[in-house]
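Report on one structure; see the data block that follows.
The values are calculated or read from the model by the stated rules, or taken from the named source; none is laboratory data. Quantities reported herein were computed from a predicted structural model and do not represent experimental measurements. Because the Cβ atoms are built from the backbone with ideal geometry, glycine has one as well, and the counts that use them run over all protein chains shown.
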Amino acid sequence: MKKAATLLIVFISSITISLAQNFKAGDKVEAWNVAWYKATILQVGAGDRQGYYMVHYDDFGSASDQWLKNTSIRARASSKEASTTAGPRLGKYNVLTYGSVTNPIRLGYFVLSDGNKYSFYDNGGNIVGSGTYSYDDNAKSIKWQSGPFKQNNWEGNFAISREGKTHSITLKRGTVGSNSTDSK
């Protein structure tokens, strides 16, 4: 029985090793550090660092470079940065104001819906107001045509980041509406 269990462990280990991805210096990958981030392989580990890679997180300085086990690295999706041509996606946008970069204050949320309509809600889910908007592809911005956002002269600069995962609309300096596919 022990021999069969040992053979099973060896078999599973060999499959795991054969399925592990091998990367080389310069490869564009995603690396795990609380979340998946775009990164670049700087160095392949050898000796006591066998199975590890030195990665540089593309959106951070070299102080964040670190050795990661191969299980914390995956191939980067081949899709290019999403286009802003289609405009902001429909759905819920959390409104955050950044007096402090590390501790934003949530001011509620708004929902973009079919027919270029939006509804603005407070943190309790109570409706504050609703209105209409249009999207200007040339300016990459939203124009609030009616409702509370127009009354308050809020801006509407639109941007897409994280390969299309996050759509952001700047409402005022330091205040942003954000819709992310990997948050609820």
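General remarks:
- Note on the stretch 62-93: residues that are within 30 Å of LYS117 (Cβ to Cβ), in contact with a Phe, Trp or Tyr (Cβ under 7 Å, 6 or more places away or on another chain) and either of a type in the set (S, T, N, Q) or modelled with pLDDT under 85 (or both) amount to 1.
- Residue check, ARG162 closer than 27 Å to ASP59 by Cα, among the basic types (Lys, Arg) and buried (at least 16 other Cβ atoms within 10 Å of the Cβ): yes
- Residue in the stretch 135-147 that is among the aliphatic types (A, V, I, L, M), closer than 21 Å to ASP59 by Cα and in contact (Cβ under 8 Å) with a residue 12 or more places away in the chain present: no
- Taking the criterion of being assigned to a loop (DSSP other than H, G, I, E, B) and under 24 Å from the mean Cα position of the chain (by Cα), the residues of the stretch 123-172 that qualify are ASN123, ASP137, ALA139, LYS140, GLU155, GLY156, ARG162, GLU163, GLY164, LYS165.
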